[in-house]
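As structure tokens, the structure follows; a few thoughts come after it.
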Amino acid sequence: MDASIIAVGSEMLGSERLDTNSLYLTDHLNALGVEVICKLIVGDHRGRLVEAMRYTLDRAPILIMSGGLGPTEDDLTRDAVAELVGRPLVFCEEVCAAIEERFRRMRRTMAEVNRRQAYVVDGAAVLANARGTAPGQWLEWNGSHIVLLPGPPHELKDMFEAQCLARLRHIVPPLVIRRRFYRVAGMGESDLDQLIAPVYKKYTNPVTTILAAAGDIQIHLRARCQMPEEAEALLSEVARPITELLGDRIYTDTGEPLEATVGAMLARRGLTVAVAESCTGGMLAERITSVAGASEYFLGGFLVYTYAAKIALLGIDPALLESQRAASEPVARAMAEAARRKTGASLAVSVTGVAGPSQGEETEPVGAIFIGLADESGSAARRFHFAGDRDRIRTLATQTALDLLRRRLMAT
């Protein structure tokens, strides 16, 4: 069975408020085997709400709405639902009395405007609100189920778990949803899709979704079946050839970012790492230390943005900088060697290059990045060229540096 979610409130159409309720609801619906096929945010406008409800109910038999149940004139969810189903709003004395009692417990007098919250769509079941004044409603109409929940998350969660889950279990066929989640480094989205599409396109269940970020591709597999064992078997059937095709490009199947994967590898092997950064300005160190417990394996870093800093802090030979420029393989290698030598780390990674938007004094083009790596066996550096703006180039540089470190650790 499928469901849709509508979050009501003009405030969520701006940049300061996020709809977290739909994430919570999706998790619980998926656990019941219900697929969420549509999420909408609609402002406080009665006509647009009615239009949105028609759209979603044409596509899924369950609609859950959050917000718009308050006492003010812009709280229009009740009115919009009544218009949609062609039923009147009926004043409920019992609901009004419960709201008044809540105000008495708070030693306050209920404002007249709060009486609006006691209106219920004719035929709807009232969902009592133990944490607020806005009751929810559960309405069956034309074979569909419309659920009205309050907007404040603590009210919504309490009401949904106490009064909606049991109702949903009664109407939802016994289904489960199971997922697999892989993250891939070292290849682009189009190359990845070309490689694995012949596998996943054979199936409509599981469903495969590919998400791309700078240097980081996510593969989501989602199976929906009557039994958990059946779903897991389907996932394995699709995942096995995909993982074989991608090999060591997959760096995790549990969802953690690359820096967490690398950190776990360092910790397991009892190794330490240091960094030396120029164009990334500390981004690599920040990513490594964003992982809890990084002090176990991260010894420190050098932010050497200028020639003078490279000479003073790392001891890079001025003649090397003059002859090769900072954006070069020899300098990247020297930076990694110096960072390892000065910290005593097992491995060291360096990043230098031209992040843009201008080239400055460098002869390399914008996007030219050099990554160095040093360990007890020696040092090496590689040149990369990344397209995009300054932020994207710097992000790709740190992602690639972490992936090179991961691959070196795999070889140890």
Consider residue 277 carefully, then state whether it is surrounded by 14 or more Cβ atoms within 10 Å (Cβ to Cβ), farther than 30 Å from residue 176 by Cβ, of a type in the set (D, E, K, R) and touching a Gly at 6+ places or on another chain (Cβ under 7 Å).
yes
For the structure I just gave you, tell me whether residue 322 is closer than 24 Å to residue 213 by Cα and either assigned to a helix (DSSP H, G or I) or not small (Gly, Ala, Ser) (or both).
no
Kindly indicate the residue of the stretch 45-75 that is more than 22 Å from residue 128 (Cβ to Cβ), touching a helix residue (DSSP H, G or I) at 6+ places or on another chain (Cβ under 9 Å) and among the aliphatic types (A, V, I, L, M) and also surrounded by the fewest Cβ atoms within 10 Å (Cβ to Cβ) among those meeting that condition.
50
Residue 80 fails exactly one of the following numbered conditions: (1) farther than 19 Å from residue 7 by Cβ; (2) crowded, with 18+ Cβ neighbours inside 10 Å. What is the number of that condition?
(1)
Among residues belonging to the stretch 99-148 that are over 38 Å from the mean Cα position of the chain (by Cα), part of a loop (DSSP other than H, G, I, E, B) and among the aliphatic types (A, V, I, L, M), point out the one that is farthest from residue 83 (Cα to Cα).
106
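So that you can scan it fast, the table gives a plain yes or no per residue for (1) under 20 Å from residue 248 (Cβ atoms); (2) in contact with a helix residue (DSSP H, G or I) (Cβ under 6 Å, 6 or more places away or on another chain); (3) β-branched (Val, Ile, Thr):
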position	(1), (2), (3)
364	no, no, no
370	no, yes, no
378	no, no, no
381	no, yes, no
388	no, no, no
396	yes, no, no
405	yes, yes, no
412	yes, no, yes
Breaking point among (1) at pLDDT 95 or above; (2) touching an Asp or Glu at 6+ places or on another chain (Cβ under 8 Å); (3) at positive phi, for residue 186:
(1)
So if I check each of 139, 156, which one is within 30 Å of residue 30 (Cα to Cα), touching a Ser or Thr at 6+ places or on another chain (Cβ under 9 Å), assigned by TED's automatic domain parsing to the domain that holds residue 28 and crowded, with 21+ Cβ neighbours inside 10 Å?
156
Among the numbered criteria (1) out of contact with any Phe, Trp or Tyr (no Cβ under 6 Å at 6 or more places or on another chain); (2) over 28 Å from residue 37 (Cβ atoms); (3) of a type outside the set (Phe, Trp, Tyr), which single criterion is violated by residue 234?
(2)
Go through the stretch 369-412 and count every residue that is outside any strand (DSSP E or B) and aliphatic (A, V, I, L, M).
11
Candidate set from the stretch 289-298 (those that are crowded, with 18+ Cβ neighbours inside 10 Å and aliphatic (A, V, I, L, M)); member that is farthest from residue 339 (Cα to Cα):
291
Restrict the check to the stretch 178-190 and report whether at least one residue is over 15 Å from residue 138 (Cα atoms) and either in contact with a Ser or Thr (Cβ under 6 Å, 6 or more places away or on another chain) or acidic (Asp, Glu) (or both).
yes
Apart from one, (1) of a type in the set (A, V, I, L, M); (2) modelled with pLDDT under 95; (3) in a loop (DSSP other than H, G, I, E, B) all hold for residue 60; the odd one out is (2)
Boolean, residue 83 is at pLDDT below 95 and acidic (Asp, Glu):
no
Could you say which residue among 70, 47 is more than 27 Å from the chain's Cα centre (by Cα) and free of Cβ contacts under 8 Å to residues at least 40 places away in the same chain?
47
Unmet criterion (only one of (1) part of a loop (DSSP other than H, G, I, E, B); (2) β-branched (Val, Ile, Thr); (3) without any contact (Cβ under 8 Å) to a residue 12 or more places away in the chain) for residue 366
(3)
If a residue must be in a helix (DSSP H, G or I) and under 29 Å from residue 2 (Cβ atoms), how many such residues does the stretch 169-194 contain?
6
Looking at the stretch 356-372, which of its residues are hydrophobic (A, V, I, L, M, F, W, C) and surrounded by 24 or more Cβ atoms within 10 Å (Cβ to Cβ)?
369, 370, 371
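Residue-wise test of (1) modelled with pLDDT of 95 or more; (2) among the aliphatic types (A, V, I, L, M); (3) in a loop (DSSP other than H, G, I, E, B).
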site: 268; (1), (2), (3): yes, no, no
site: 279; (1), (2), (3): yes, no, yes
site: 310; (1), (2), (3): yes, no, no
site: 336; (1), (2), (3): yes, yes, no
site: 341; (1), (2), (3): yes, no, no
Might you let me know whether the stretch 181-195 holds any residue that is touching a Pro at 6+ places or on another chain (Cβ under 8 Å) and either surrounded by 14 or more Cβ atoms within 10 Å (Cβ to Cβ) or over 29 Å from residue 404 (Cβ atoms) (or both)?
yes
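The values are calculated or read from the model by the stated rules, or taken from the named source; none is laboratory data. Note that the structure is predicted; figures quoted are calculated from it, not measured. Positions of Cβ are backbone-derived with ideal geometry, glycine not excepted, and every protein chain shown enters the neighbour counts.
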